Each structure stands twice: as C-alpha cells, then as structure tokens.
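Would you mind keeping the following structure in view while I ask a few things?
The values are calculated or read from the model by the stated rules, or taken from the named source; none is laboratory data. Everything numeric here is computed off the predicted structure, so don't read it as measured data. Note that each Cβ is placed from the backbone with ideal geometry, even for glycine, and that neighbours are counted across all protein chains shown.
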Amino acid sequence: MRVVVQGRGGCSRPGGLARVLWAAAELTVTVGVLLLLLVVHQVWWTNRQAAAAAVRRVTALEEAWATAPGSGPGAAAQPEASAEPSPEPSGPAPAPSPSEAGGAGGAADRPRDGAAYGVLRIPRLGVAVPVARGVDKRSVLDKGYAGHYPGTAEPGAQGNFALAGHRNTHGEPFRYVNRLRPGDELVVEVRGRRYTYTVDRILPETAPRDTGVIAPVPRSAVRPGYGYTEPGAYITLTTCTPEYSSRYRLVVWGVLAGNRSGGRGVVGTAG
C-alpha cells in the first residue's frame, strides 16, 4: 500500500506580508485604545477633577468671607496658591479689550492673576463657579473657574464685567449658558458684597476675536446688530460654540439690577 505523506503547506507559518498585516492590526488596536483613554481622561476625568476643585474653592471663599466679613476682595484670594500664568492669556472667548478697568479699589486691592476672589452663581442652571483674575487656560479656565478679562470693569461697577469659561471639559461651568433667557439672574458675590445682574441679550455666534462684545459698552464688531449703544453696568459671559468646538463664541449679556441705563439704546434682537 502506498502511503501519501502530506506536505506542511497547510500548517506553515504566515508569510512576511501576513506578519506585517498582523502587526499593523495590533498597532491600530493599541493606538485606538490609547486614544479612547485620552478622550475619557479629557472629557470625563478632567471634568470631575476641575468641578470638584471648583466646589472646594467656592466653599473656601464662603468660609473666609464668613470669618472676615469686612475685608476686601484681595484678602479673599490670599489662601489660594495659583500657578504662574503664561505670557499670552488664552481662553475660549474673544481677546481682552484694551478698555480701562472700572469699579472701586486700586491695583493694590486686587488679587493676583489666577487667584479666585469671587463667586458667580447662575440659579437657572444651578451653577456656582469661582471667579478668578485673568483668562489664562492653565491657571484659571482649566481649573473650572470663570476668568475675569483683564481691563474690563469690576463687579457692580459701570462698564462691562466680562467673564470667560469652558463649555466642555475642565469643569465646563458654562456648558449650558445657551439655555439662559432674558430675565434670568446672574449673581456675583465678592466678600461682603452681592451684585445681581439680569440676563438681557444673547449673541448665539460670533468670531473668536470679536473684542467688541467685551468692550465697556458691549457691541459686536462682527455682528453689529447685537449689543448696546449707551453706557451702563453690564456683565458678559463668553464661551465656545458649538459644543466640543472652539470655532465660534457664544455671548450672554446682562445688566445690573437697578441700573437699567444700559437697557436704552439697545440694538439688534434678544437671543
């Protein structure tokens, strides 16, 4: 009887091309897992960290104010250690206006850049976020704070008290500001003082460098049908839009309660 011996062709190891394809597949899966972990860290973990730290900072400010109600806003910021801001401020909103700062108190009374000195409360959204000097990402915005644009007015003062905040990641305090409507309250607290603004107008979309929206009399330089034409005591909230993008800016304007001078001479339509 003749015995036929099968060759090893069916059991041979993969050739060079097959090994390359297998290695490429493994590399693709590994890179995909790493990217997924990066997204989870950026979108979920940074939110948890920044939001929790912001809550602790609000609590610390409230406790400091309760124990020393007569002190100024500069003292309120002293307990906080702040990272050194980068030379060029950056953030999810238009660049700072060169306008003169308003409000009481000289430079010696003001907290250093990056230090939280107040609290912004948005009752409609259930938001309570620390307010810090400056709009540097690393030392202010990425900590879940609202950043006070340099050169804009102090809380409660004539002019424009302008703030920037993240809409996504890093605590995302301004994520739902698009839900605000005219008449909603924006409450700013600084040691011993409380200022209530009323949402007045909304600019759904403008360019990142539309500095007009944070001018002393805010009016869009890109969409001049939105804004004001007379001096008043304003608040401005700026953030990125659409969500998970920094292509445009969303702007919310409010007017200090009891100071309706800014309500006259309004141009455009409410958002």
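Would the stretch 256-267 turn up any residue that is at pLDDT 95 or above and buried (at least 23 other Cβ atoms within 10 Å of the Cβ)?
There is at least one residue in the stretch 256-267 that is at pLDDT 95 or above and buried (at least 23 other Cβ atoms within 10 Å of the Cβ).
Within the stretch 170-180, is even one residue touching a residue at least 12 places away in the same chain (Cβ under 8 Å) and over 30 Å from GLN49 (Cα atoms)?
no
I need the full set of residues from the stretch 127-182 which are of a type in the set (A, V, I, L, M) and assigned to a helix (DSSP H, G or I), in order please.
LEU141, VAL177
Can I ask one more? For the stretch 153-169, which residues satisfy the criterion of being surrounded by fewer than 24 Cβ atoms within 10 Å (Cβ to Cβ) and either β-branched (Val, Ile, Thr) or touching a helix residue (DSSP H, G or I) at 6+ places or on another chain (Cβ under 8 Å) (or both)?
ASN168, THR169
Still on this structure: Of all residues in the stretch 55-74, which are at pLDDT 90 or above, farther than 19 Å from GLY156 by Cα, of a type in the set (A, V, I, L, M, F, W, C) and more than 24 Å from the chain's Cα centre (by Cα)?
Listed by number, the residues that qualify are ALA64, ALA66.
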